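Derivation of every value follows stated rules applied to the coordinates shown; laboratory data play no part. As the structure is a prediction and not an experimental result, all values here were calculated from the model. Positions of Cβ are generated from backbone atoms using ideal geometry, with glycine treated the same way; all protein chains shown enter the neighbour counts.
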Amino acid sequence: MRVMTKVKYTLLKKLLLMQVTVVLLGAIAISSTFLLSSFMIARSDLENEKKQIASYLLLRADEWTAWHQVGMTNLLSEEMNEFQNQNRLKSIRFVSSQDPVSKKPNEQDLVIQILPDLWIQVELEKQNLLQLFWKQKNVVYSMLILTFFFLSVSYFSFVYLRKKVHQPIVQLIDSMKGNMSGVRDVSKRIIATDEMRVFVDEISSLFERIKTMERTSALGVITAQVTHDLMSPISSLEVFLENSSILDDEKELLSLSVSRIKNIAADLLERNRNVNGRFSGIKKNIDELIVLKNAEFSKCNFNIICEIDGLTGEEAIPLSGLEFQRMVSNLINNAYESYEGKGGVVKIKISKIESRINIRIIDFGKGMAKEILADIGNFGTSFGKAKGSGIGIYSAKELVNSIGGELNITSIRGDGTEISISLPYQI
Amino acid sequence: MAFEFGLIESLGEERTTKILVRNQDNSGSKIGAIKVANELLNQNVAALFGFSGSHDSVLVGKLVSGKNILTIVPGSMHNDLASFGDAFYTTGHSMDLEVQNTIEFIDRTFPKARGAVIINRYAVASSSAEKILIEKHLNNPRISLKLMYLNKDLNLDEVDLKFLRDGKFNFLYFTAYPEAMVNFANQLEKSNIDIPVVAASSWGLGDSDLLRRFIVNKKSPLYFSTDWIIHSKESKHFTNIFKLKFGKEPSPENALGYDLGKIVGETISRVEGSMTRASVLKAFKKNLCFERLSVGRLCFMETGGHSSIKPVFYQFKSDKSLRIQ
């Protein structure tokens, strides 16, 4: 079971917090506006209601006054109560200047003078905040729905970001921490889509390359040290040979061997130096290599066909001639081996495509299965060679990548393999 | 018209024109009487006369109560009219007397019969009669009365109407003015309910066309009380001079106006010195009995309120003649 690294959701929390803040501020703004408008509407309604009540009242006022004056109190009470209920009034009564308990009317009351010393006083139902608010209940419902919608959007966006962005990143970090190698395999199991998928793949690839470079870098240091240490005994050996009394034939043979060893050591040293400033003409190098390789395979029924298209001969790539020739030589060797000693042909097609040199090395040998193809190019992966170290394709790929080029392999089992190399160049 | 006729007969046309201040409200307001009276009081008139009907009378009575200005209203019966002080008078009898008289008539005419009292709560007189009936007469074991109330459309509700249709009652007692009973009268006709009716004295004052139409279509009798003894010597005299002046038969309302004009004219003629509120009131109280009115002799009490006149019952006949009961 995978143990997730405990990572604080800082960014997501901030994002969610911002969303909730926006929703709350929006809700507060809407509520405030709504409350203010509700109060204004309610106040206007109250004034209209008062006007309406006053107009109704004036229609009945004379008769009620008459009933009040002639003592028809039962009928008057019935009608006034009915009027009170119909208009949701708190009270309605006649008030006289001689009335000993004359209640002072408040602002909401409606007072209509009927006679010089007789008024009808109407006390309206006081409406509290909740009642005013509830009068606009349709708006309340809309506001609640809107708030619910906003919160839902916030929640779903949080969940979406967590699933689509946060979790892939955390899993990627876990895979990087827990795996010194094979990150790419683990990254394939990370659930990610779209640009996140690309991001995970690129990051894991980059991470794996860095790990490999770390390993090769360490190997390079050792190699340089060993090579450097070898140079001293080799020099001693050259001095010894110079002064030895052995036969000339033997001396020459030994001298050639020592020279060969010295060249190899020098090359190893050069590989570990900074490669900046190394450029070599591609056409010259490929021509030289083809001559050498044709000579090498002259008795093997293996033909190398080279087609160069559009190159002027002045195009230079940022590799030393030895590096470039070694890389292509290894790939030609691979092509030869794909025929399993039966002989065949390898086509090398070189052309310029925009700002890059495109080199295609095509054979019609046994090819590779898909599952092999996926791993080929990784450090230590070899196919079809009894003593293959897997360094050939891997080092070619690393070399190409190191100068900003690309190396791609396409292969169909039984039909052959094509290796396509794209390199930057200068003139 | 009849008031001025009576006044001119007492004071002469010139003086009448000189002293008479008229005011009236045509807005249809229920408190028009108060507005009219207030305006007259503001003009500092010496006395107020008019305001027929209990509604207007009571409104004005409340207004002038305690102001020591002689006020006489024609024919109103509301009991409260006796409570506005010794300067306020009505030529009508009290509602107590009206109801008492009617109950006695019912007791005589419909012994042990069941009657339905039709009350118009929106009419002051009817409402006043209802109050007296409830307080004084409904517990009387000799009579059996059920109060029925007209609704806002001045119709009887179907439940009550069914009682009448089913013949549960032997007579109806109308407490309201005839104007307020038009809808109910139509309702009775449409429902083919034809039972004897005992009406309030106001039915002697109301729209006679309505009464006649209603009575013509009725087979059972309609009784009503009135202060105006139609076949008396004084009544006949009034009828004659009225016909001579106006060329038509006087109505009971004309009689009330004429009598009030005569009373006011006699009072004014008694005033010594300048005509002030006090002098007019004093002149009136010099002699509280007045002669040669259409109703004959009419007396008031020192304490104010209703006159001494007593109503008598008449029956409308289908041949339009009247008969004293």
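Details
- Using equal-weight Cα scatterers in the Debye expression, the normalised intensity of the range A:10-135 in log10 at q = 0.15, 0.18, 0.19, 0.20 Å⁻¹ is -0.77, -0.99, -1.05, -1.12.
- Neighbour counts of other Cβ atoms within 10 Å put A:Glu323, A:Glu398, A:Glu252 in the fewest-to-most order A:Glu252, A:Glu398, A:Glu323.
- Dipole magnitude of the range A:193-273 about its Cα centre (Cβ charges: Lys, Arg +1; Asp, Glu -1), debye to nearest 20: 220
- The range A:193-273: mean projected area of Cα convex hull, nm²: 7.2
- Dipole of the protein assembly as shown computed with +1 at Lys/Arg Cβ and -1 at Asp/Glu Cβ about the Cα centre; of A:Phe34, B:Val73, A:Val239, farthest Cα towards the positive end is B:Val73.
- Convex hull volume per residue for the range B:96-226, taking Cα atoms only, in Å³: 97
- Paired Rg and Dmax values of the protein assembly as shown, which use every Cα atom, in angstrom: 63.7, 196
- Nearest-0.05 FRET efficiency for B:Asn23 and B:Arg292, computed from C-beta distance (R0 41 Å): 0.90
- The convex hull built on the alpha-carbon positions of the range A:280-424 has an orientation-averaged projected area of 8.1 nm².
- If you run the Gaussian network model on chain B, springs between alpha carbon atoms under 10 Å, then out of B:Met95, B:Met77, B:Met275 the most flexible one is B:Met275.
- Note on A:Asp45/A:Leu75: beta-carbon distance plugged into 1/(1 + (r/R0)^6) with R0 of 51 Å gives a FRET efficiency of 0.95.
- Test item: Cα-centred dipole of the range A:280-424, Lys/Arg +1 and Asp/Glu -1 on Cβ, debye: 320
- Highest-fluctuation residue, B:Gly85, B:Gly261, B:Gly66 considered, GNM on chain B with Cα pairs under 10 Å: B:Gly66
- Couplings for the range A:349-354, taken from phi via the Karplus curve 6.51 cos²θ - 1.76 cosθ + 1.60 with θ = phi - 60°, read 10, 10, 8, 9, 10, 6 Hz in order; Gly and Pro are left as x.
- Per residue, the convex hull spanned by the alpha carbons of chain B comes to 133 Å³.
- Within the protein assembly as shown, helix-based [θ] at 222 nm, where runs of 4 or more DSSP H residues each add -39,500 (n - 2.57), nearest 500: -17000 deg cm²/dmol
- Sequence of B:Trp228, A:Trp119 once ranked by neighbouring C-beta atoms within 10 Å, starting from the fewest: A:Trp119, B:Trp228
- Percent of alpha-carbon pairs separated by more than 20 Å within the range B:208-289: 54
- Spherically averaged projected area of the convex hull of Cα atoms, the range A:295-369: 6.1 nm².
- Toward the positive end of the charge dipole of the range A:193-273, with +1 on the Cβ of Lys and Arg and -1 on the Cβ of Asp and Glu, the farthest Cα among A:Asn263, A:Met213, A:Thr227 is that of A:Met213.
- Selection from A:Val186, A:Ile353, B:Leu150 lying farthest towards where the dipole of the protein assembly as shown points positive, charges on Cβ: B:Leu150
- Within the protein assembly as shown, percent of DSSP bridges classed antiparallel, to nearest 5: 60
- B:Glu130, A:Glu195, A:Glu49 arranged by Cβ crowding within 10 Å, fewest neighbours leading: A:Glu195, A:Glu49, B:Glu130
- Charge dipole (debye, nearest 20) of the protein assembly as shown; +1 at Cβ of Lys and Arg, -1 at Cβ of Asp and Glu: 2020
- Rounded to the nearest 0.05, the FRET efficiency derived from the C-beta distance between A:Asp194 and A:Asp287 at R0 = 60 Å is 0.80.
- Within the listed set B:Asp96, B:Asp259, B:Asp107, the residue fluctuating most in the Gaussian network model of chain B (springs between alpha-carbon atoms under 10 angstrom) is B:Asp107.
- Distance in nm between pseudo-label sites at A:Val153 and A:Asn87 (7 Å out along the Cβ direction from Cα): 4.7
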